[in-house]
1. Could you tell me how many of the residues in the stretch B:34-64 are among the hydroxyl-bearing types (S, T, Y), in contact (Cβ under 8 Å) with a residue 24 or more places away in the chain and within 14 Å of chain A (Cβ to nearest Cβ)?
2. Is at least one residue of the stretch B:355-365 more than 26 Å from B:L200 (Cα to Cα), of a type in the set (D, E, K, R) and without any contact (Cβ under 8 Å) to a residue 40 or more places away in the chain?
3. Mind counting the residues in the stretch B:419-447 that are surrounded by 14 or more Cβ atoms within 10 Å (Cβ to Cβ) and either among the hydroxyl-bearing types (S, T, Y) or on the phi > 0 side of the Ramachandran plot (or both)?
4. Is it true that B:V171 is assigned to a helix (DSSP H, G or I), over 18 Å from the mean Cα position of the chain (by Cα), crowded, with 24+ Cβ neighbours inside 10 Å and among the aliphatic types (A, V, I, L, M)?
5. How many residues does the stretch A:237-274 contain that are open to solvent by 40 Å² or more (accessible area, probe 1.4 Å), part of a loop (DSSP other than H, G, I, E, B) and over 18 Å from A:A309 (Cβ atoms)?
6. Collect the residues in the stretch A:310-322 that are modelled with pLDDT of 90 or more and crowded, with 19+ Cβ neighbours inside 10 Å, keeping them in residue-number order.
7. Restricting attention to the stretch B:215-226, does a residue exist that is at negative phi, touching a His at 6+ places or on another chain (Cβ under 9 Å), open to solvent by less than 10 Å² (accessible area, probe 1.4 Å) and of a type in the set (A, V, I, L, M)?
8. Can you find even one residue in the stretch B:311-322 that is over 30 Å from B:W82 (Cα atoms), modelled with pLDDT of 85 or more and open to solvent by 60 Å² or more (accessible area, probe 1.4 Å)?
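The values are calculated or read from the model by the stated rules, or taken from the named source; none is laboratory data. As the structure is a prediction and not an experimental result, all values here were calculated from the model. Cβ placement follows ideal geometry from the backbone for every residue including glycine, while neighbour counts extend to all protein chains displayed. The area values use the complete protein model at the heavy-atom level, side chains included, leaving out ligands, DNA and RNA. Shrake-Rupley method; radii C 1.70, N 1.55, O 1.52, S 1.80 Å.
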Amino acid sequence: MDRSYRRLLGVLIICFGATAVCAEEITIYSGRSKSLVKALVKQMEKETGLTVKVRYGKSAAMAMTLREEGDRSPADVFWSQDAGALSALSNAGLLTKLPDDIVDSTPATLHPEKRDWVATSGRARVLAYSTKRVQEKDLPKSVFDLTDPKWKGRVGWAPANASFQAFVTGMRALHGDAKTRQWLVAMKANGAKTYPKNTPIIRALANGEIDLGLPNHYYLLRFKKSDSKFPVAQTSFAKGDPGNMLNVAGAAVLASSKKKAAAQKVIRFLLSAKAQQYFTSDTFEYPVSGDVIANPALVDVEVLLEKAAPVPFRKLGDLIGTLKMLRDVGLL
Amino acid sequence: MSARSMTALLIRRWPATLAGLVLLVGVGAPLLYLAYRAAGADGAELWSLVFRWRTAMLLGNTLLLMVGVLVTTSLVGVPYAWLTARASLRGRKIFTVLGILPLAIPGYILAFAMLGLGGDYGLAARTFGFDVWRPSGFTGSLFVLTLYTFPYIFLNVRSAMLRLDPALEEVARAHGQTRWGAFRRAALPQLRPAYLSGALLVVLHVIGDFGVVSLMRFETLSFAVYTQSSFDRNYAACLALLLTALSAVLLVLDLRLLRGRGHEALAHSGILKQRTVPLRRWKAPSYLFLLAVPFFGLVLPVTTILTWVFESDAIALADSEWKEALGNTLQLAAGAALLAPVLGVPLIHASVRGRGRFARLLERAPYLGYAIPPLAFGLAIVFLANHVLPPVVYQSFGLLLAAVTLRFLAEAVGPLRSALYRVPERLEEAARALGCGSWAVLRRVTTPLLWRGVVAAMAFVFLATVKELPLTLILSPTGFDTLATNVWSNTEEALFAEAAPNALAIIGVAGLFLAALTARGER
């Protein structure tokens with residue numbers, strides 16, 4: 001055997017042998033993206049003393065995975081970027097009731113009926129637009145106006161994204177299935193461009209691929225933070241429009257978890273002042289509990305509440321119905 | 001062959017039989033379960049989902065892209081091969097290496113670099129003040145996939161061109177053919193097998209690819225499988241089966257086209273030296289072409305990624321992230337590289353030494369995992385692990401490792417086979433006559449002589465695993481991020497700067513291995 005080959009073999013064996021050591025572990029399925037929360041997860045490990053393993057994915061997709069896995073799921077905690085995915089799991093009986101002190105640390109309007117999940121931060125749907133190619137006065141007043149021929153091929157959306165899906169569920173609750181389906185079909189016919197997630201929508205707005213987009217409110221703010229000249233802005237539709245849905249990210253303990261106490265520790269941490277401050281300052285979301293120093297880059301929460309679409313979170317549970325509709329019209 | 005003698009053969013060749021069984025079960029069982037799952041789902045609803053206009057559209061888009069990429073890769077790959085093999089040009093060696101190196105840049109990385117570069121707020125626009133085309137849709141996918149897959153055609157055709165016996169063309173010339181006529185009628189037909197096997201690799205890559213088409217937002221079957229795998233797995237299973245069927249049709253078609261042709265072009269007689277062809281007024285355009293291809297496929301993406309890495313605070317941002325991922329990637333790749341020869345050597349050995357149908361069957365076996373679109377394979381394995389296998393297997397490193405090894409076993413075949421051809425059969429016969437069993441012969445005689453081939457095979461498997469995305473994405477244990485999955489998750493969120501260090505690490509590792517393999521090949 002050549003010496004160089006022996007060396008290569010040695011390198012391969014060392015590479016393979018370098019495995020990690022085991023510790024007390026808790027597994028989170030996170031529908032929140034890694035880039036947003038990985039720093040917080042590190043803090044979580046420090047504060048709770050647990051080794052936290054996170055599987056990242058899309059919220060609705062994770063909910064479907066959890067349904068598929070059932071009792072065999074390795075997950076202890078589900079952390080979703082929207083209420084719809086959590087409600088769907090709650091309806092399927094896969095979540096376990098949380099202690100009152102956890103649920104009651106958030107405002108009563110955010111409590112789910114079965115008290116088996118809890119909101120961890122708030123967010124809003126917005127209309128984002130290119131400041132180069134769209135005048136503020138020309139902006140549509142309602143999400144229904146986006147089917148107008150003048151926006152043909154100029155709108156971007158993310159049908160696979162859970163927040164978008166929650167928005168569709170909300171629209172169904174407000175305006176009925178027939179009108180929602182009609183809108184989706186008309187949007188598609190009007191050349192709406194599909195992106196995998198919210199951030200690419202913002203990027204595409206800046207790059208001139210599209211002129212209007214339907215993301216959550218905090219993605220643009222992150223771009224603006226590092227680049228104040230970023231040529232995109234955002235606003236709301238007229239008061240009460242379904243395009244102004246409010247939503248929450250939330251967390252729950254899985255019924256199949258064998259480490260429920262540790263899982264609750266994780267959720268308590270997410271509601272702690274430290275985590276809430278992180279959501280406010282670092283990911284530009286709205287806090288749901290405790291005393292938090294407000295982020296000046298955010299629109300005042302009172303303004304949001306006034307403009308919001310009147311859909312209670314409890315009505316967002318029919319994720320399956322929304323997924324079916326999106327599939328039927330060929331968006332998924 | 002009678003049943004009894006077949007059984008005797010299987011027992012006598014037990015290492016090969018065992019490896020073959022592992023392959024058959026490892027690849028076959030998940031697929032069968034996938035089919036079972038697709039069939040067992042709520043019939044009427046699924047039926048209406050699968051048999052609708054949209055599925056035809058997805059299939060149409062897949063075929064369109066496949067044919068498109070085949071045409072463009074041929075238009076790029078064949079001239080590139082001819083210029084570096086037969087034209088009288090300076091720097092043919094360098095251009096050859098430049099034509100191979102794009103293999104170090106997986107399609108999804110190329111796509112993400114192009115996306116970040118183009119557009120009126122892209123890297124180019126902000127740095128130099130001019131807009132570069134931001135690729136998307138069909139043309140975007142075509143562009144990126146061509147740059148990524150043309151080396152398969154280029155490499156196959158080039159080596160076949162070098163093996164051609166120039167005597168044939170000389171004879172054609174002597175019979176009054178023009179130079180072009182001689183090339184077309186005497187040389188081209190012999191290049192056909194090499195071209196076809198390159199083309200097969202290209203089309204398999206295209207129908208299996210989901211990274212490029214997702215980023216370019218062009219809806220193909222793989223794209224739909226990827227999206228649906230997270231929302232409706234029964235529907236995804238159906239689409240995955242459709243994709244697998246498509247790949248099977250292509251394989252059969254390829255075998256048909258190859259039938260009756262010599263698998264190898266005629267060996268070089270060594271009597272005549274291949275003459276290089278002067279280019280004259282075509283010289284400048286040729287150089288331009290030879291430079292343009294690696295410029296788009298290599299220089300542009302690498303510079304873009306380097307800019308991100310050095311200009312932004314991406315290193316600080318992603319520091320620990322990419323280092324940990326590098327460790328995971330190396331661990332997985334090394335594991336697959338060590339396992340592959342264990343399965344591969346007995347199989348290839350039996351197929352090279354054996355005769356008849358059994359040998360041919362063994363020869364094809366390693367390609368099983370390779371031909372199945374990776375998303376379909378991954379999905380099938382997840383299904384099986386979640387519902388049938390014991391819970392420890394689900395989301396385990398071992399499962400991922402097994403899947404990757406089964407998929408990339410095919411990469412080990414080439415080097416192992418050519419090494420085996422160089423081991424004299426008589427040595428093995430002598431050992432057998434002295435009382436060694438199958439295993440002992442393999443262990444004590446063949447393997448030591450095979451060593452070079454084994455290491456090359458390992459390097460190929462390693463290289464493929466470093467770039468692998470879909471299987472890892474679906475099967476990786478929780479918290480086990482590789483460079484590829486980091487690139488993907490950051491790119492999907494358009495966080496190009498955060499993806500950059502991970503992408504650079506992949507290109508670095510893959511490039512090193514490719515350079516080492518190329519240097520070895522040039523010897």
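1. Here the count works out to 1.
2. no
3. Adding up the residues that qualify gives 3.
4. no
5. Going through the stretch A:237-274 one residue at a time, the tally reaches 3.
6. The one that is modelled with pLDDT of 90 or more and crowded, with 19+ Cβ neighbours inside 10 Å: A:T322.
7. Let us first name the residues in the stretch B:215-226 that are at negative phi, namely B:215-216, B:218-226.
Imposing the further condition that a residue be touching a His at 6+ places or on another chain (Cβ under 9 Å) reduces the set to none.
Checked against the condition, which is being at negative phi, touching a His at 6+ places or on another chain (Cβ under 9 Å), open to solvent by less than 10 Å² (accessible area, probe 1.4 Å) and of a type in the set (A, V, I, L, M), the stretch B:215-226 yields no hits at all.
8. Here is the first cut: in the stretch B:311-322, the ones over 30 Å from B:W82 (Cα atoms) are B:311-322.
This time we only want the ones that are modelled with pLDDT of 85 or more, so: B:322.
After this cut, where a residue has to be open to solvent by 60 Å² or more (accessible area, probe 1.4 Å) as well, the list is B:322.
Yes, the stretch B:311-322 contains a residue that is over 30 Å from B:W82 (Cα atoms), modelled with pLDDT of 85 or more and open to solvent by 60 Å² or more (accessible area, probe 1.4 Å).
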